[in-house]
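Scroll down for the structure; my scribbles are underneath it.
Read-outs: derived from the displayed coordinates by stated rules, not from any lab. These numbers come from a predicted model, not from an experiment. Note: ideal-geometry Cβ built from the backbone for every residue, glycine included; neighbour counts use all protein chains shown.
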Amino acid sequence: MKTAFVAVLGALLIAQPAMSFADNSNGKNLYVQRCAVCHGADIKGTGPLAHKSNPPTPDLTTSAFKQRLHEYPGVIVSSIILRPNGNLIPKTLKENGVKIPPHAWSVKELRDLHEYMSGVISIKR
């Protein structure tokens, strides 16, 4: 009985597609929907609201940010969760009439966004 169970479990594990921890295409969709309005499609702080916040939206392709991402891989996720500038994001959006509905981030979405952003930042010059 135990041998049969192990055999069936092994067969199921082999038949399952490889598990992916992050979905890069979902990360890109989240970025476009929730971040590009300030950071821009090129992630260089060129979105329509980039210079309407104080401080202005940073260029995430700079060597300084790449070094920060290397030293602290959670910097992207923590920027969303902790909002180090306090109310800057909601305040900038509100003052400029941009309505992006509040979003309860799931761990998977944070992982997807991090995967997408890390990849884009590492290849941008």
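For G97, what charge total do you get from the other residues with a beta carbon under 15 Å from its beta carbon, if Lys and Arg give +1 and Asp and Glu give -1?
So the surrounding residues net to +3.
What does the highest-first list of 102-114, 61-73 look like by mean Cβ count within 10 Å?
With the highest mean Cβ count within 10 Å placed first, the list reads 102-114, 61-73.
Go ahead and collect, in residue order, the members of the range 22-39 whose backbone nitrogen is under 14 Å from a label point 7 Å along the Cα-Cβ direction of S106.
Backbone N within reach: 22-24, 26-27, 30.
Would you please give the residues with an amide H less than 5 Å from that of T46, counting only those at least 5 places away or on a separate chain, with H modeled from the backbone geometry?
G40
Considering only Cα-Cα distances, which of the following residue pairs are longer than 18 Å: K44/K66; K52/K99; K28/K99; K52/K94?
Too far apart for the 18 Å limit: K28/K99.
Sorted by average packing, counted as other Cβ atoms within 10 angstrom per residue and highest first, what order do 27-36, 51-60 take?
27-36, 51-60
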